[in-house]
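Below: the structure, in structure tokens.
Read-outs: derived from the displayed coordinates by stated rules, not from any lab. Computed from a predicted model, the values in this text were never measured in an experiment. Glycine gets a Cβ as well: all are built from the backbone with ideal geometry, and neighbour counts include every protein chain shown.
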Amino acid sequence: MTLLQVMSADNAADVRVRTTDDAVIAAELAEYGITFDHWPVVEDAENVGSDELLAHYESNVAALNESGRYKHIDIARIHPDDSNPEWPQIAKGAREKFLNEHRHAEDEVRFFAAGRGCFYLHLGKEVLATVCEAGDLVSVPAGTLHWFDMGTRPSFIAIRFFEEEDGWIGDFTGDRISEGFPTLDELLTAP
């Protein structure tokens, strides 16, 4: 379920908004210059090759990149692999890489073709936890403080848009704010 939970940056228990209403989510995020949109979902995307998936979304990608701003567009995939005894450690390492607050020199633009993940946007006095699922597109402006949680059992396919080949490089703040907020798994199980 796509979800937005807006909390005080000083106290995660102080929840101002919790909603699954796409219009409310888009409006809340738009106040901060963050784009939230939907594209149609490819059924069984997990079994569709990356080239075929990009071909399917060619018109959406072209419209988003009409200015030619994004020079590197790729697909990131992570799925549980219970047949690999190293999978739990791989998943933990992948997840931990993104759990600390950071920012980027360019916009972070992601379309979730499958699965889910949560962007935590530290915007002044608030943290906006934005759970994205299949069909969700989010564009976070350059310089926005945030962290990302893919959950304890990561599973998603995301089309990523970069201006530069090394566009994901994170500028980590060293702030441990993320430790005081509910995880993706906790957000999804909260009443």
Return the residue satisfying two criteria in turn: it lies in the range 95-134 and is in contact with a Phe, Trp or Tyr (Cβ under 6 Å, 6 or more places away or on another chain) and outside any strand (DSSP E or B), and of such residues it is nearest to Ile73 (Cα to Cα). Ala134
Check on Gly135, over 19 Å from Met1 (Cα atoms) and surrounded by fewer than 19 Cβ atoms within 10 Å (Cβ to Cβ): no
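Applying the selection to the range 69-94, what residues are closer than 21 Å to Leu137 by Cβ and either in a strand (DSSP E or B) or free of Cβ contacts under 8 Å to residues at least 24 places away in the same chain (or both)? Give the steps one after another, and end with the answer.
The initial filter retains those residues of the range 69-94 that are closer than 21 Å to Leu137 by Cβ, namely 69-79.
His72, Ile73, Asp74, Ile75, Ala76, Arg77, Ile78, listed by residue number.
Can you report the number of residues in the range 49-68 which are in contact (Cβ under 8 Å) with a residue 12 or more places away in the chain and either assigned to a helix (DSSP H, G or I) or closer than 30 Å to Thr152 by Cβ (or both)?
Of the residues in that region, 8 qualify.
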Taking only pairs six or more apart or across chains, which ones have beta-carbon atoms under 6 Å, a first residue in the range 133-153 that is free of Cβ contacts under 8 Å to residues at least 60 places away in the same chain and of a type outside the set (Lys, Arg), and a second residue that is assigned to a strand (DSSP E or B) and surrounded by fewer than 20 Cβ atoms within 10 Å (Cβ to Cβ)? Gly143/Arg103; Leu145/Arg103
Within the range 140-176, considering residues that are among the aromatic types (Phe, Trp, Tyr) and not in a loop (DSSP other than H, G, I, E, B), the one nearest to Trp87 (Cα to Cα): Phe156
Can you name every residue in the range 3-48 that is of a type in the set (D, E, K, R), surrounded by 14 or more Cβ atoms within 10 Å (Cβ to Cβ) and assigned to a strand (DSSP E or B)? Arg18, Asp37
